[in-house]
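To start, the structure itself, in structure tokens.
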Amino acid sequence: MKVYPKIPRYDHPVVSAELFDAEDLTLIEKFDGSAFRFTLYDQRYAEQYPEPVASVADGDGSLVFGTRKTVRGTHRDSLDEIDGALQRAVRCLREGIDAAALRTLHDEHEGPLIVYAENLVYSTLDYGYTDRDLPALVGFDVLPYAAIGTMTAPGNPYEETFEGFLDIDSAWEIFERIRVDTAPTASSLVSATILDRLDDGFDPETYTFPASSLAAEMQVEGVVVRSDASARRAKLVREAFKELNREQFGQQPEDAESGAEYVVATYCTPARIRKQVRTMVVEEDYEFGLQLNDDLYPRVVEDIWAEGWPELMELDVSFTPADVYPLVAKRCITELRKMQTNAELNDADPLDIWQHLS
């Protein structure tokens with residue numbers, strides 16, 4: 001399946017100001033989750049599928065799915081073999097997608113289709129995942145295999161256009177045709193929310209972000225500005241979301257304002273935290289929960305010292321080791337909370353959340 005093209009910021013050099021004067025602009029809510037895509041393996045069009053899809057497909061009628069860059073499996077796989085953060089999305093493929101309708105659409109589009117969606121898992125914004133029923137997938141684009149020129153992006157991925165993607169009305173019609181109306185909300189596919197359709201231009205500098213369609217008490221993460229006539233997209237993201245995202249995932253090293261922040265940004269990764277959580281729960285019989293942090297964060301710091309000491313000694317920044325501890329504690333409690341929320345959301349083991357994703 002083709003990797004979804006990168007959407008540049010509205011002020012990125014590749015975005016022409018002419019985009020915002022297009023007569024077919026549509027503003028779409030940008031959702032905060034994780035990238036997801038799927039396709040129906042239809043034996044009649046076997047020659048159109050790339051090798052990664054064909055090799056994973058479990059026979060005719062398989063719904064093959066992937067994350068942003070990797071093909072992961074099919075809806076027929078055991079949930080025990082699927083990362084916990086994807087299990088609700090896979091349940092949606094099983095219960096919320098009409099494969100027969102998708103097969104019919106293949107005939108209408110001279111071959112199979114790739115459906116791109118947001119997997120609604122807790123990443124930065126908590127839409128109230130544990131307080132309300134939310135759909136599993138939010139569809140936002142569809143691409144026919146027959147329109148694909150290449151599966152790989154150009155040297156500069158931001159130069160890639162959305163040539164060949166179905167227009168917004170056709171894509172949204174497909175989402176409606178393939179969704180199973182009787183599926184439980186938690187296993188359902190919905191279309192991304194269209195916030196506005198414009199024919200007289202758009203000024204990104206003065207735009208006021210509306211409330212999210214998923215949670216009226218919070219603003220959207222951002223919006224995607226879309227023009228099908230020019231095959232272009234651009235995104236606007238709230239500054240407050242960017243700040244929250246840095247809190248959730250940690251600063252980038254280049255944004256650190258102190259030596260301790262630089263160390264934590266460089267070495268206190270989610271993978272390192274989850275490794276220690278797994279060791280504590282699986283090997284040492286700790287009970288998973290937020291209370292784990294009392295013992296977790298000192299161990300993460302110790303792991304940073306043990307693994308990174310040679311590099312730390314050579315850093316061209318100065319830091320006080322004691323200042324690292326509270327920063328690591330904050331990162332650890334944030335990661336624990338995300339693991340806990342997504343485990344509850346996906347009805348999965350918290351230790352399986354993001355353990356098998358690169």
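What the table shows:
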read-out: Test: VAL277 is assigned by TED's automatic domain parsing to the domain that holds GLY308, at negative phi and touching a residue at least 60 places away in the same chain (Cβ under 8 Å); value: yes
read-out: Among (1) under 26 Å from ALA99 (Cβ atoms); (2) crowded, with 19+ Cβ neighbours inside 10 Å, the one test that SER123 misses; value: (1)
read-out: Single residue of GLN355, GLN291 found to be over 23 Å from ASP255 (Cα atoms) and free of Cβ contacts under 8 Å to residues at least 40 places away in the same chain; value: GLN291
read-out: Residue in region 223-239 that is part of a helix (DSSP H, G or I) and surrounded by fewer than 20 Cβ atoms within 10 Å (Cβ to Cβ) present; value: yes
read-out: Among the candidates ARG226, ARG232, ARG238, ARG197, residue that is without any contact (Cβ under 8 Å) to a residue 40 or more places away in the chain, farther than 26 Å from ASP107 by Cα and basic (Lys, Arg); value: ARG238
read-out: Answer from ALA146, ALA153, ALA117 - the residue that is outside any loop (DSSP other than H, G, I, E, B), small (Gly, Ala, Ser), modelled with pLDDT under 95 and within 15 Å of MET1 (Cβ to Cβ); value: ALA146
read-out: Region 140-193, residues that are crowded, with 18+ Cβ neighbours inside 10 Å and small (Gly, Ala, Ser); value: ALA171, ALA183, ALA186, SER187, SER188, SER191, ALA192
read-out: Enumeration of residues in region 35-93 that are buried (at least 21 other Cβ atoms within 10 Å of the Cβ) and acidic (Asp, Glu); value: ASP42
read-out: Odd one out for ILE28, checked against (1) closer than 18 Å to LEU236 by Cβ; (2) surrounded by fewer than 18 Cβ atoms within 10 Å (Cβ to Cβ); (3) in contact with a Lys or Arg (Cβ under 8 Å, 6 or more places away or on another chain); value: (2)
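The values are calculated or read from the model by the stated rules, or taken from the named source; none is laboratory data. Computed from a predicted structure; not experimentally measured. A quick note on method: Cβ atoms are made from the backbone with ideal geometry, for glycine too, and the neighbour counts reach across all protein chains shown.
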